[in-house]
Amino acid sequence: MADYYEILGVEKDATKEEIKVAFRKKARVLHPDVNKAPDAEDRFKELGKAYETLMDDNKRATYDRYGEEGLNQAGFSQGPFENGFGDLNDIFESFFGGFGFGGGRRVDPNAPQRGENLRLDIGIEFEEAVFGLEKEIKIEHLEHCHTCNGTGAKAGTEPTVCPTCGGRGQVQQMQRTILGSISQIVTCPKCHGKGKVISDPCPDCKGDGRVSVEKKLTIKIPQGVDNGSKMRLSNEGDAGVNGGPAGDLYIVIHVKPSDYYHREDMTIITECAVTPAQAALGDTIVIKTVDGDREISIPQGVQNGDKVKIKGAGVPSIANPSMRGDHIVIVNVKTPTKLSKDEKALYEKLYQLETGKKYEKKTVKEKIKAAFK
Ligand SMILES: [Zn+2]
Ligand SMILES: [Zn+2]
């Protein structure tokens, strides 16, 4: 029969703290990754079993009264190794710098954790995206609670050791399965693994240690942003916990579509309409650009769909504001649908010049009818 006190090298009335210290001391020497002696692994397992038993009040009481045999009969598990290493892993990671072995690593709820990143979607106009703007935004994020200094406990009180797990953050749980009862080490349901509970919560943060704060920020949206562009504001996300850093705030920009302007990267595209006469003769017309009205030349003989470029009137580069894209004007030659009397006379003359025949306002049907008269 193994004597757990002897294995750990502690007195029968040793406190948990003494057991923990003794275990760590011995585990350092016996850990199979360190100790290559053939019996090291067995001895290490024995040590783990002794430690686990004596750290658990129920198990220790059973062991003290009935010995190892009593533990087996009471249905207690055979040490942490049957449970995928449980908290042995955590202890090792804490003093060996984490050469994890066995099952998955448990996230320590007391370790510093970075706050959540947040996202804010904002809509801006087409021209605002081109030239950038300063905008006041309102955000809501979690900030460190200054009333309790993040502890979550009411002023003058402190979190206390969790009565359910005795501060270990984990409890032994029996689960009935068709194969019999299985013992598992699970995160303490009362303290969620923290080992501490707040009996008198801070009234401001309700025990969370963080409070929701509405904040106004003035942000500078740079020139040249596009639909879907993201900006990151460092540390404007939620505050971290256990002293961890705050998360970031991501601003996602939505550029409202314009009826007039279209955009492809740094190029602005618009359309203009010209008459057949303007197209045939060429013209100078005024185009609205993001810089204001600009005169452009429509070349003589322009075809429907031809493009006229206004150099440098496009979108500035985000990285280099002095670099700008172009503004492309797509020319639509529009056939007039209504003609004045004078226009009609001129078009008929033009028709005769172009086709070499006299204009007759007759449909095919009318022509056939006339031929059979
Ligand atoms: Zn608080
Ligand atoms: Zn607990």
## Note on the structure
Of all DSSP beta bridges having both residues in the chain, the percent classed as antiparallel (nearest 5) is 75
#### Entry: Cysteines having no other Cys beta carbon under 4.7 Å from their own, within the chain
Cys272
### Task
Let me have the 222 nm mean residue ellipticity of the chain computed from DSSP H runs of 4+ only, each contributing -39500 (n - 2.57), with the sum over all residues rounded to the nearest 500.
-8000 deg cm²/dmol
### Query
Against the longest alpha carbon principal axis of the chain, how many degrees, from 0 to 90 and to the nearest 10, is the axis of helix 341-355 turned?
90
### Summary
For the table Lys59/Lys194; Lys12/Lys196; Lys20/Lys45; Lys341/Lys361, the rows whose alpha-carbon distance is greater than 24 Å are Lys12/Lys196
## Note on the structure
Non-local residues with an amide H under 5 Å from the amide H of Leu133, with H modelled 1.01 Å from N and Pro and chain starts lacking one, are Ile221
### Task
At a Cα cut-off below 20 Å, give the aspartates and glutamates reachable from Lys135, other chains included and same-chain residues fewer than 8 away excluded.
Asp121, Glu125, Glu127, Glu214, Asp226, Glu236, Asp248
### Query
Which whole-Hz couplings ³J(HN,Hα) result when phi for each residue of region 285-291 is put into the Karplus expression 6.51 cos²θ - 1.76 cosθ + 1.60, θ = phi - 60°, listed in order with x for Gly and Pro?
10, 9, 10, 7, 10, 5, 8
### Task
Amide H neighbours of Glu271 under 5 Å, at least 5 residues apart or on other chains, H built in the peptide plane: list them.
Ile330
### Message
5 Å is the cut-off here: which amide hydrogens, built 1.01 Å from N in the peptide plane, fall below it relative to Gly312, excluding neighbours closer than 5 in sequence?
### Response
Asp326, His327
#### Entry: Fluctuation leader among Leu353, Leu281, Leu30 - the chain, Gaussian network, Cα springs under 10 angstrom
Leu353
### Summary
If one compares the long axis through the Cα atoms of helix 57-73 with the longest principal axis of the Cα atoms of the chain, the angle in degrees, nearest 10, works out at 70
### Principal-axis tilt of helix 16-30 within the chain, Cα atoms, nearest 10 degrees
80
#### Entry: Approximate spin-label separation Ala111-Ala345, in nm, with each point projected 7 Å along Cα-to-Cβ
9.3
## Note on the structure
Under the 7 Å Cα-to-Cβ spin-label approximation, Ala14 and Thr337 lie apart by a distance in nanometres of 9.6
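Computed from the coordinates by the stated procedures, all read-outs in this text should not be read as laboratory data. It should be emphasised that the depicted structure is a prediction, and the values quoted were computed from it without experimental measurement. Note: ideal-geometry Cβ built from the backbone for every residue, glycine included; neighbour counts use all protein chains shown.
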